[in-house]
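First up is the structure itself, then whatever we jot down about it.
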Amino acid sequence: MKYVYKIISAVSSLAVLPAIVFSPMIYYYISSVALQGIFTLAQLAGSDALANAMKEHGWENVPEGISGTLSIYDIGELVAQFGGNSDSGEIPEAVEMMIPLLLAAAIAIVFVIVCAIVTAVLAFACKDNRKVIASSIAGVGFSLMVPMLIENALYPITSGTISLSSLLNTFWAPLVAEIEELSVAPLYYLIPALFGFVALWTILYNATLPEKEKAERLKMIG
């Protein structure tokens, strides 16, 4: 049973690493007048390409916008792409306002990764399972801090204080698209759930230990 506990705890903890990089973090919905116009014209023209596109995406009517999710990996690719294609090193003022909270979220993500690795190591190497519980709870705390910081960083956009025009530093952006919704994707909360599972699993494992072993562990940890 001891090794089953160690393996399940370590695997669950390390599962946080790919989850935090590749799982959906940001949900977005972008409305587009231009997209509606293009689809409407194509529909009037009887375009086969439009019919196939609508069938592929399950659209019964002309879409009013585009929705989807972004993971940290996707966001990193977008930042690299925009950074590489930017002729100017200037950062729009609207983006500068968001940077401190986004940096804080990035630091919290680093702590989540550290907690995942530490929890896995402690589950294998440490006899004092209280440290596994403490590390798991810390992971829950940091992983819940991430969406709070991201939502606060995105609030100027979701509240309408910052428009797509100011983000892209161009006046014609609303003619093409407008951000309607930005929020933390529900699937992200799988990460704190994984940490919570490890903590609960450790508590249940300790509760099933023989009384003699419990006494020995209490004596060992003082």
- Efficiency of FRET between Glu181 and Ile117 - r from beta-carbon atoms, R0 41 angstrom, step 0.05: 0.75
- List every residue whose amide H lies under 5 Å from the amide H of Ile179, counting only residues 5 or more places away in sequence or on a different chain, with H placed 1.01 Å from N in the peptide plane. Leu164
- Query: What nm distance separates the two modelled labels at Tyr29 and Met1, each placed 7 Å from Cα along Cα→Cβ?
  - Reply: 4.9 nm
- Between Lys127 and Thr69, 0.36 nm times their residue separation minus their Cα-Cα distance comes to what? 16.8 nm
- Message: Can you tally the net charge around Ala134? Count Lys and Arg as +1, Asp and Glu as -1, for every other residue whose Cβ sits under 15 Å from the Cβ of Ala134.
- Response: +2
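Every number here is computed from the coordinates shown, using simple stated rules; none is lab data. Model, not experiment: these values are computed from the prediction. Glycine gets a Cβ as well: all are built from the backbone with ideal geometry, and neighbour counts include every protein chain shown.
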